[in-house]
1. Please count how many residues of the stretch 72-93 are more than 20 Å from LYS172 (Cα to Cα) and either assigned to a helix (DSSP H, G or I) or in contact with a Phe, Trp or Tyr (Cβ under 7 Å, 6 or more places away or on another chain) (or both).
2. Of a type in the set (D, E, K, R), within 13 Å of the chain's Cα centre (by Cα) and on the phi > 0 side of the Ramachandran plot - does that describe any residue in the stretch 146-161?
3. Tell me which residues, restricted to the stretch 167-189, are over 22 Å from TYR58 (Cα atoms) and either buried (at least 20 other Cβ atoms within 10 Å of the Cβ) or not hydroxyl-bearing (Ser, Thr, Tyr) (or both).
4. Suppose we filter LEU149, LEU154 for residues that are in a strand (DSSP E or B), open to solvent by less than 30 Å² (accessible area, probe 1.4 Å) and touching a strand residue (DSSP E or B) at 6+ places or on another chain (Cβ under 8 Å); which single one remains?
5. What residue, among those in the stretch 8-55 that are among the charged types (D, E, K, R) and modelled with pLDDT of 70 or more, is most open to solvent (accessible area, probe 1.4 Å)?
6. Yes or no: THR160 out of contact with any Leu (no Cβ under 9 Å at 6 or more places or on another chain), within 20 Å of GLU206 (Cβ to Cβ), buried (at least 16 other Cβ atoms within 10 Å of the Cβ) and polar (S, T, N, Q)?
7. Here is a list: ASP121, ASP105, ASP109. Which entry is surrounded by fewer than 16 Cβ atoms within 10 Å (Cβ to Cβ), of a type outside the set (Ser, Thr, Tyr), under 30 Å from VAL202 (Cα atoms) and in contact (Cβ under 8 Å) with a residue 60 or more places away in the chain?
Amino acid sequence: MRKKLFSIAIPALFVAAVMVSCKKDKPLTSESNEVTTTKEGSQFTLDTLNSKVEWKGYKVFKSENTSHFGTIRFESGDVTVKDGKLESGKFVADMNSLTSVDLKDSPEDLGKLNGHLKSGDFFEVEKFPTASYEITKVTPATEGDYNTLLDGNLTIKGITKPVQFKANVSVKDGEVSVATEPKDIKREEFGVKFQAPAENGVIKDEVTLQISVKALEKK
């Protein structure tokens, strides 16, 4: 009887282990908005020296006292303007440029944090050297502090998700500027799942991103 129970229990435990493993290792999948914008219009090139992503990451409770913040530079990008209005755009960020600003006065701590953020625990920049945001729809906004709604596809670590930003957009004198609201994204949806030991402070899933770009008309 004991042998029979043992022979039943082993397959049951195996099935349970497989079910847990499959649930734990469920692959992340990309989603994306349909691109409704076009390349019809005047072409503008991203001014990489005056464009950046600002980021903030948090521990435990979301507050200024439990955060790190910094920047990521863009390596390229383009914008299309049609009838004096933003029509489309895509911005490609150089993930190797990711750096903390709050630790700039502590070179040793800065080097450790930057190295960790670029490692396989976080953004794995050797394998995924770029991230991008492609605008898929531009909608004028008539209320609030921002004049435009940008729908787009955000790609980080090869995973694409639809993200909407409120933004202030200006087209004037051969220059386009786009300044978005600070927007929380869930890092785990993009495969950034590292978690520190609890005694070091739990790292929040939310990361705040804010995009600021300028683009100059092609001559």
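1. Qualifying residue count for the region: 4.
2. First pass over the stretch 146-161, keeping only residues of a type in the set (D, E, K, R): 151, 157, 161.
In the following step, the residues that additionally are within 13 Å of the chain's Cα centre (by Cα) were identified as 157, 161.
So of that shortlist, the ones also on the phi > 0 side of the Ramachandran plot come out as 157.
Within the stretch 146-161, one or more residues are of a type in the set (D, E, K, R), within 13 Å of the chain's Cα centre (by Cα) and on the phi > 0 side of the Ramachandran plot.
3. Matches in the stretch 167-189: ALA167, ASN168, VAL169, VAL171, LYS172, ASP173, GLY174, GLU175, VAL176, VAL178, ALA179.
4. LEU154
5. Initially, the stretch 8-55 is screened for residues among the charged types (D, E, K, R), giving 23-26, 31, 34, 39-40, 47, 52, 54.
Next cut, modelled with pLDDT of 70 or more only: 31, 34, 39-40, 47, 52, 54.
Numbers: GLU31: 96, GLU34: 149, LYS39: 123, GLU40: 109, ASP47: 32, LYS52: 68, GLU54: 76 Å².
Among residues in the stretch 8-55 that are among the charged types (D, E, K, R) and modelled with pLDDT of 70 or more, the one most open to solvent (accessible area, probe 1.4 Å) is GLU34.
6. No, not satisfied.
7. Result: ASP121 is the single residue among ASP121, ASP105, ASP109 that is surrounded by fewer than 16 Cβ atoms within 10 Å (Cβ to Cβ), of a type outside the set (Ser, Thr, Tyr), under 30 Å from VAL202 (Cα atoms) and in contact (Cβ under 8 Å) with a residue 60 or more places away in the chain.
The values are calculated or read from the model by the stated rules, or taken from the named source; none is laboratory data. Here the structure is a predicted model, which means the values were calculated and not measured. Heads up, the Cβs are rebuilt from the backbone with ideal geometry, glycines too, and the neighbour counts pull from every protein chain shown. Side chains included, ligands, DNA and RNA excluded: accessible areas come from the protein's heavy atoms. Shrake-Rupley method; radii C 1.70, N 1.55, O 1.52, S 1.80 Å.
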